[in-house]
């Protein structure tokens, strides 16, 4: 079974600074997808960024980028120019590739990010 | 465009009571999921339905039953609620395929006293 581990329960960053959230995962698959989801106090789950394991290039979405290290099974999220609205829980998640029935998403335990003004 | 709609948003039950959480999506997704989120933790899969007419257990299925009523609707039933089932419940849906994004409902806060 796949497992996803987020070793930082809480992180803090100063507004406008950069912060990196860590994630490691365990899988025997060679093809898969990795995701970062944001959960603000509203509880809504918002997709931040997605990485395809067969792509060497790290995904970027505006101020959000990842450092994907496939051999190390590491998938960190970097937030640049942090804003107050970035304060939330962040979840790393894993999903097998392919069109197999029931491709469920496996989540890590989350990192609470606080942004200081 | 409503997306994934869950009802109710809040519910308080007494131990032993039963209830059904409703979920509907209007995006023509094949797959639907029920997750629970305990305080300070990530989401854990309870049950999923890969397609209409099929359901399968996830990581934490004990104490729950599900019904995939049609392609749009996927309900979660607690037959005899226990305090350990106090949690936030999320329904999600997606097209089939690993790259596909999951769309989540806004969650149901359930308290079992």
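The values are calculated or read from the model by the stated rules, or taken from the named source; none is laboratory data. Computed from a prediction, not measured in an experiment: that's the story for all the values here. Cβ coordinates were reconstructed from backbone atoms using ideal geometry, including for glycine residues, and neighbour counts include every protein chain displayed.
Annotation: of all residues in segment B:54-82 being closer than 14 Å to residue B:19 by Cα and not in a strand (DSSP E or B), the one that is nearest to the other protein chains (Cβ to nearest Cβ) is B:63. In this structure, does residue A:32 turn out to be surrounded by 19 or more Cβ atoms within 10 Å (Cβ to Cβ), more than 19 Å from residue B:90 (Cβ to Cβ) and more than 11 Å from every other protein chain (Cβ to nearest Cβ)? For residue A:32, the condition - surrounded by 19 or more Cβ atoms within 10 Å (Cβ to Cβ), more than 19 Å from residue B:90 (Cβ to Cβ) and more than 11 Å from every other protein chain (Cβ to nearest Cβ) - is not met. Those residues that are exposed (fewer than 15 other Cβ atoms within 10 Å of the Cβ) and closer than 19 Å to residue A:34 by Cα, I need them from segment A:3-18; list them, please. Those that are exposed (fewer than 15 other Cβ atoms within 10 Å of the Cβ) and closer than 19 Å to residue A:34 by Cα: A:3, A:5, A:7.
Taking segment B:63-81, which residues are surrounded by fewer than 17 Cβ atoms within 10 Å (Cβ to Cβ), touching a strand residue (DSSP E or B) at 6+ places or on another chain (Cβ under 6 Å) and over 19 Å from residue B:4 (Cα atoms)? Hit for segment B:63-81 is B:65, nothing else.
Report yes if residue B:30 is farther than 19 Å from residue A:4 by Cα, modelled with pLDDT under 95 and surrounded by 15 or more Cβ atoms within 10 Å (Cβ to Cβ), otherwise no.
yes
Against the definition (crowded, with 20+ Cβ neighbours inside 10 Å and either closer than 29 Å to residue B:4 by Cβ or more than 10 Å from the chain's Cα centre (by Cα) (or both)), how does residue A:21 come out, yes or no? For residue A:21, the condition - crowded, with 20+ Cβ neighbours inside 10 Å and either closer than 29 Å to residue B:4 by Cβ or more than 10 Å from the chain's Cα centre (by Cα) (or both) - is met.
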